[in-house]
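For reference, the structure is listed below as structure tokens.
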Amino acid sequence: MEISNREEVISLPEGMGNPDGNTIDEDGMVWIAYFGGACVSQWNPHTGQMLKKIDVPAYNVTSIAFGGKNLDELYITIASFLPPEKEKNLS
């Protein structure tokens, strides 16, 4: 099987980290976790507009998912690895 009709729907800005895990909410909006970016963001795939950016108190955000009884809670996972230059700032 071959993928066809590819379309770029989001153009991520430089400097936010590397996109890692992602999910889609009940409204069809795309949520992205940023490894090395300490944040998650919500995007409208129809307009390419970033709707929200949520800072996370962890450097390497790896994945996100909605959960809870009403799927209204955002669960975020992180990696404990820090690059050497970030580890120096913690001491």
Each residue of segment 58-74 in turn: what ³J(HN,Hα) in whole Hz from Karplus with 6.51, -1.76, 1.60 and θ = phi - 60°, glycine and Pro shown as x?
8, 6, 9, 7, 10, 7, 9, 7, 8, x, x, 4, 10, 6, 10, 10, 9
Unit charges at the beta carbon, dipole of the chain: most positive-side option, Pro45, Ser63, Thr23
Ser63
Given the alpha-carbon gyration tensor of segment 18-90, what are the semi-axes of its equivalent ellipsoid in whole angstrom, ordered largest first, with each equal to the square root of 5 times an eigenvalue?
25, 14, 9
So how strong a dipole does the chain carry about its Cα centre when Lys and Arg Cβ are +1 and Asp and Glu Cβ are -1, to the nearest 20 debye?
280 debye
Ranked highest first by average number of other Cβ atoms within 10 Å, how do 19-29, 5-15, 56-66 line up?
56-66, 19-29, 5-15
Stretched fully, the stretch from Lys53 through Met29 gains (0.36 nm per residue minus C-alpha distance, one decimal, in nm) 7.3 nm
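No lab work stands behind these numbers, since they all come straight from the coordinates. Everything numeric here is computed off the predicted structure, so don't read it as measured data. Heads up, the Cβs are rebuilt from the backbone with ideal geometry, glycines too, and the neighbour counts pull from every protein chain shown.
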